[in-house]
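Novice: Okay, handing you the structure first.
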Amino acid sequence: MKKFNKYFALFSATIALTALVGCSSTDSSSSSSSSSSSSSSSSSSSTDSGSADSSSADSSSTESTHTPSGTSVIAISDLNGIFSPFFATTYYDRVIHESVHEYLMVTDREGQLTSRLAELDIEETTNAEGELQTVYTFTLLDGLLFSDGESVTADDVIFSYKVMLDPTYDGTSTLRTVSIVGLEDYVYGDATEIEGIQKLDEQTVQITIDGIDPAAVYKLAIVVAPEHYYGEGFVKGDLSGVKAKTSEPMGAGPFIFENYTNNVVSLIYNPNYFLGVPKLEKLKYQVTDTSNLLEAVITEQVDISDPTASPEMLARVEEAGLHYELLDNLGYGYIGINADRITDINVRKGLMHLMNREPAVKSYYGELADIIERPMSTVSWAYPQDAQEYYGYSTAKALEYFTLAGYEQIDGKLVKDGVQLRIEVGISGSGTMDHPAAPILTQMKTDLANMGGVLEIFDTDGTVFFEILNAEEWDMWVAAWTATADPDMYQIYHTDGTTSRYNINDPELDKIIEDARSTNDVDVRTALYSDALDLVMDAAVEMPVYQRKNMYVINPDYLNIDSLPDDMTPFYTFYKELNNLEMAK
């Protein structure tokens, strides 16, 4: 039996893409997935003082010596109101549910998984047929309670697994991609239990998967949801009861959900929190327009916000005497193309050559963002450091590819079979084109018009943006991916991926992705991902645009700066220690 931290030491500081976000000021890490949100441990992280490697939750609030006090307000962007650990799709919806829930395992400052609600042992073994299998044994800490005082048990863990593995599940979790023994019989057959998920005792759950899957542990380290709250009437094939609770979450996290009214989410401290009673009595999340994030702190409407980092913003923050933190973003911005809507690869390559990235990004971010050349965050160990530009900006090359696709310039129009080339693109710029990629689109519009084509830009708010995107009603779109703690590309780029909007459907790419998730050899995986990223680029379905920094602005007159985590990283922000936040004296 191998202890988890030793076994997975190779996977420190890793990233994978999981969630979509639509606006530059909100593509910081979270989910799961928008973005979203994948129910994986990477969306949360352990605290230094929480004794994450301890075997019990003895530091419960019943022994706390302090009384929670004060109300802190944190600015967030648009919410969909889906605060479910199973169905949340946007970053800030995930922030809400993670304030209320807890994970089996979490990431530390280096992105390496460590214990949270449970300790983990991993063993490689063989079944009766001599086939390799991996066994994960989660043992819950002693004395864990949900916020209503009910005990956290193995039954709650198994219930949470069953929801995400249900045949009717339509959330963003990728747990079903793990080769859990007996999963196919449960999803597609008559089985009412999953053979590979076993309850050993009231605190221990064992999961057996076929083969080796280096990304599996990140997907298995799920949020533990209370069965008695979410699971009333739950039977296989019926998630209606679970979905009925999406707007009113309840769990074992540091805070308890009170309500969501008038664009404010109100939470109160959880007296049963296993790491001790939070220092704040109440925590509020205020939906704030992205253009007003700094002013909201200056005018004391909120204590913390995350305005888009730019040279101008830095100067304004310093002038106002506010505290700020700059962190590399756990994700990246991109422009996507739906290959099912633009089926000719030559048209897609032509559009790629019309994307003039650097002037747009530098004018928006200055030195606080870099152009990237492959669709992966540069924070990841799998990002190819020697990557070169794949498509340079060139109107001549663009026209060359349009011509290869059969388009001709006739009477001032770029047409094929009598139909003018027309592209529809969505961007979440709040109706004012406030987005770093906006100049790219406006220049594309001009360049394409000069050739005789049409680029129609639809600038919406975040909610409308994702509704249209999820319905796949745009040819192109501008968004950003957030990340989890493994560079597995299955979810986004594999033909059977659950959150892809590219529709590549490339057997060669599928094979590389499958090979990369069947070995624990980091060098092999790095080489495979480099090849896979090249194939994605060649398919001309995604143009990586920028890797930026996140900024958190804090009013030191209201929030105690010393209560923020030390040495925050892309994997570990103040959201990971909400229980330690306190008001200034």
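The values are calculated or read from the model by the stated rules, or taken from the named source; none is laboratory data. Since the model is a prediction, treat every value here as computed from it, not as a measurement. All Cβ positions, glycine included, derive from the backbone under ideal geometry; neighbour counts span all protein chains shown. These accessible areas exclude ligands, DNA and RNA; they are computed on the full protein's heavy atoms, side chains included. Shrake-Rupley method; radii C 1.70, N 1.55, O 1.52, S 1.80 Å.
Novice: Going through the stretch 421-454 one residue at a time, which ones are over 21 Å from D344 (Cβ atoms) and among the charged types (D, E, K, R)?
Specialist: Matches in the stretch 421-454: D434 only.
Novice: Right, next: Among the residues of the stretch 294-315, which ones are open to solvent by 10 Å² or more (accessible area, probe 1.4 Å) and either in a helix (DSSP H, G or I) or of a type in the set (S, T, Y) (or both)?
Specialist: Listed by number, the residues that qualify are E295, I298, T299, T308, S310, P311, E312, M313, L314, A315.
Novice: Quick one: in the stretch 277-292, of everything that is buried (at least 23 other Cβ atoms within 10 Å of the Cβ) and touching an Asp or Glu at 6+ places or on another chain (Cβ under 8 Å), which residue is modelled with the lowest pLDDT?
Specialist: Among those that are buried (at least 23 other Cβ atoms within 10 Å of the Cβ) and touching an Asp or Glu at 6+ places or on another chain (Cβ under 8 Å), it is T290.
Novice: Kindly provide the set of residues from the stretch 483-503 that are in a strand (DSSP E or B) and either more than 18 Å from L533 (Cβ to Cβ) or not hydroxyl-bearing (S, T, Y) (or both), ordered by number.
Specialist: A483
Novice: Looking only at residues that are within 18 Å of M543 (Cα to Cα) and among the β-branched types (V, I, T) in the stretch 499-521, which one is modelled with the lowest pLDDT?
Specialist: Selected residue: T499.
Novice: Also: Being part of a loop (DSSP other than H, G, I, E, B) and either surrounded by 24 or more Cβ atoms within 10 Å (Cβ to Cβ) or out of contact with any helix residue (DSSP H, G or I) (no Cβ under 9 Å at 6 or more places or on another chain) (or both) narrows it down to one residue among P214, P249, P271; which is it?
Specialist: Selected residue: P249, the only one of P214, P249, P271 that is part of a loop (DSSP other than H, G, I, E, B) and either surrounded by 24 or more Cβ atoms within 10 Å (Cβ to Cβ) or out of contact with any helix residue (DSSP H, G or I) (no Cβ under 9 Å at 6 or more places or on another chain) (or both).
Novice: Looking only at strands (runs of 3 or more DSSP E) that lie completely in the stretch 95-148, which have at least 3 residues being among the β-branched types (V, I, T)?
Specialist: Ranges flagged: 118-126, 132-140.
Novice: Is it the case that some residue within the stretch 381-394 is open to solvent by 10 Å² or more (accessible area, probe 1.4 Å), outside any helix (DSSP H, G or I) and among the acidic types (D, E)?
Specialist: The answer is yes; a qualifying residue exists.
Novice: Which of the residues that make up the stretch 399-414 are aliphatic (A, V, I, L, M) and more than 12 Å from N450 (Cα to Cα)?
Specialist: L404, A405, I410
Novice: Give me the pairs: first residue in the stretch 503-529 and among the aliphatic types (A, V, I, L, M), second residue open to solvent by 40 Å² or more (accessible area, probe 1.4 Å) and in a helix (DSSP H, G or I), beta-carbon distance under 6 Å, and six or more apart or on different chains, which are they?
Specialist: Listed pairs, sorted by first residue: I512/D531; V522/L10; L528/D515.
Novice: Within the bounds of the stretch 522-538, is there any residue that is part of a loop (DSSP other than H, G, I, E, B), more than 23 Å from R94 (Cβ to Cβ) and modelled with pLDDT of 95 or more?
Specialist: No, the conditions are met nowhere in the stretch 522-538.
Novice: Checking F466 against (1) among the aromatic types (F, W, Y); (2) assigned to a strand (DSSP E or B); (3) under 22 Å from the mean Cα position of the chain (by Cα): exactly one of these is not met. Which one?
Specialist: (2)
Novice: Still on this structure, please answer the following. Looking only at the stretch 334-349, decide whether some residue is at pLDDT below 95 and touching an Asp or Glu at 6+ places or on another chain (Cβ under 6 Å).
Specialist: no
Novice: Suppose we filter D185, D170, D156 for residues that are surrounded by fewer than 22 Cβ atoms within 10 Å (Cβ to Cβ), of a type in the set (D, E) and in a helix (DSSP H, G or I); which single one remains?
Specialist: Selected residue: D185, the only one of D185, D170, D156 that is surrounded by fewer than 22 Cβ atoms within 10 Å (Cβ to Cβ), of a type in the set (D, E) and in a helix (DSSP H, G or I).
Novice: If you don't mind, there's one more thing I want to ask. Consider K585 against the criteria (1) part of a helix (DSSP H, G or I); (2) open to solvent by 10 Å² or more (accessible area, probe 1.4 Å): it satisfies all of them except one. Which criterion is unmet?
Specialist: Against the list (1) part of a helix (DSSP H, G or I); (2) open to solvent by 10 Å² or more (accessible area, probe 1.4 Å), K585 comes up short only on (1).
Novice: Can you tell which of N272, N259 is more than 22 Å from the chain's Cα centre (by Cα) and closer than 24 Å to G143 by Cα?
Specialist: Criteria check complete, one pass: N272.
Novice: Also, quick follow-up: Give the residues of the stretch 462-483 that are more than 12 Å from E424 (Cα to Cα) and open to solvent by less than 10 Å² (accessible area, probe 1.4 Å), sorted by residue number.
Specialist: Residues satisfying the conditions are F465, A479, A480, W481, T482, A483.
Novice: Here is a follow-up. State which residue pairs qualify: first residue closer than 12 Å to F86 by Cα and inside the stretch 230-250, second residue assigned to a loop (DSSP other than H, G, I, E, B) in any location, beta carbons under 6 Å apart, and separation of 6 or more residues or different chains.
Specialist: Y230/K245; L239/D166; L239/T168; T246/I82; T246/S84; T246/F87; S247/G81; P249/F83
Novice: Only residues that are out of contact with any helix residue (DSSP H, G or I) (no Cβ under 7 Å at 6 or more places or on another chain), open to solvent by 30 Å² or more (accessible area, probe 1.4 Å) and among the aliphatic types (A, V, I, L, M): list them for the stretch 498-536, please.
Specialist: Answer for the stretch 498-536, where residues must be out of contact with any helix residue (DSSP H, G or I) (no Cβ under 7 Å at 6 or more places or on another chain), open to solvent by 30 Å² or more (accessible area, probe 1.4 Å) and among the aliphatic types (A, V, I, L, M): V524, A527.
Novice: Which one is modelled with the lowest pLDDT among residues in the stretch 293-321 that are within 19 Å of T573 (Cα to Cα) and charged (D, E, K, R)?
Specialist: It comes out as D306.
Novice: If you take the residues in the stretch 139-153 that are acidic (D, E) and farther than 17 Å from L120 by Cα, which one is surrounded by the fewest Cβ atoms within 10 Å (Cβ to Cβ)?
Specialist: The qualifying residue surrounded by the fewest Cβ atoms within 10 Å (Cβ to Cβ) is D148.
Novice: Answer with yes or no whether L441 is open to solvent by less than 50 Å² (accessible area, probe 1.4 Å), closer than 22 Å to E358 by Cα and more than 26 Å from the chain's Cα centre (by Cα).
Specialist: So L441 fails the test.
Novice: Here's a follow-up. Among the residues of the stretch 173-182, write down those that are outside any loop (DSSP other than H, G, I, E, B) and either small (G, A, S) or within 19 Å of the chain's Cα centre (by Cα) (or both).
Specialist: Correct list: L175, R176, T177.
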